[in-house]
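Enquirer: One structure, as structure tokens, below. Some questions next.
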Amino acid sequence: MRSEKAWYWLTAGVLALGLNGAYQDGQLKWMHCLTDRTAALVDRVSERGLRLVSMAELMLGSSPETYGRTEAAIQRIQAKVVCDRVARAQRQIAMVEVRKQLAEARLQSKMELAQMKMDKVRMIAIDRANRFRDCEGFSRVVVDLPNMPRIDIPNLPDVQIPDLPEVDDVVTHGHANGPI
């Protein structure tokens with residue numbers, strides 16, 4: 001375990017020495033560019049910090065009376081900021097509520113449109129069924145299942161189904177009146 005750590009640190013040291021030598025020789029141009037940019041950024045930040053410190057000294061002044069006035073002004077500004085944030089949050093809540101109501105209205109209109117289409121389809125189906133009810137050209141099909149097993153389900157209510165009248169077999173000679 002200790003020998004592994006020693007090899008690790010030895011490898012890290014050799015790598016650091018190699019990179020340092022390459023950097024000093026100018027072989028790592030991207031690293032030089034990166035350090036130059038970092039130095040420039042640090043200079044800009046320190047200059048701006050000095051300007052802000054000097055402005056704070058001018059605002060606060062050096063006497064205790066100016067500290068009180070400055071603190072009161074800061075508290076007023078903070079109160080305005082809080083009021084603005086509360087007003088913005090209330091506006092956002094109201095906008096969310098309006099979006100919710102618009103989405104509900106869109107959903108309701110789509111549901112009504114779907115209901116109207118379903119009603120139209122239902123009316124067309126009823127109309128077509130009524131149109132062909134008494135046509136002589138269409139034969140009726142009667143299916144007789146005499147050996148059907150009886151299934152007993154105790155929770156279902158009894159439903160009375162009337163018997164259907166017998167229909168005579170239709171015999172056609174030549175061309176049939178139906179589609180087949």
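The values are calculated or read from the model by the stated rules, or taken from the named source; none is laboratory data. As the structure is a prediction and not an experimental result, all values here were calculated from the model. Every residue, glycine as well, gets a Cβ built from its backbone with ideal geometry; the counts of neighbours run over all protein chains shown.
Residues checked against (1) farther than 30 Å from residue 17 by Cα; (2) at pLDDT 75 or above; (3) assigned to a helix (DSSP H, G or I):
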position: 38; (1), (2), (3): no, yes, yes
position: 45; (1), (2), (3): yes, yes, yes
position: 59; (1), (2), (3): yes, no, yes
position: 67; (1), (2), (3): yes, no, yes
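Enquirer: Restricted to segment 8-24, and to residues that are closer than 18 Å to residue 36 by Cβ and surrounded by 10 or more Cβ atoms within 10 Å (Cβ to Cβ), which residue is modelled with the lowest pLDDT?
Expert: 23
Enquirer: Next question. What tally of residues in segment 25-36 results from selecting those that are of a type outside the set (Ser, Thr, Tyr) and surrounded by 10 or more Cβ atoms within 10 Å (Cβ to Cβ)? Break it down stepwise before answering.
Expert: Looking only at segment 25-36, we keep the residues that are of a type outside the set (Ser, Thr, Tyr), and these are 25-34, 36.
Of the ones still in play, those that are also surrounded by 10 or more Cβ atoms within 10 Å (Cβ to Cβ) are 27-28, 31-34, 36.
The total comes to 7.
Enquirer: Could I ask something else about it? Which residue is modelled with the lowest pLDDT, if the candidates are limited to segment 108-155 and must be among the basic types (Lys, Arg) and under 29 Å from residue 166 (Cβ atoms)?
Expert: So the residue we want is 140.
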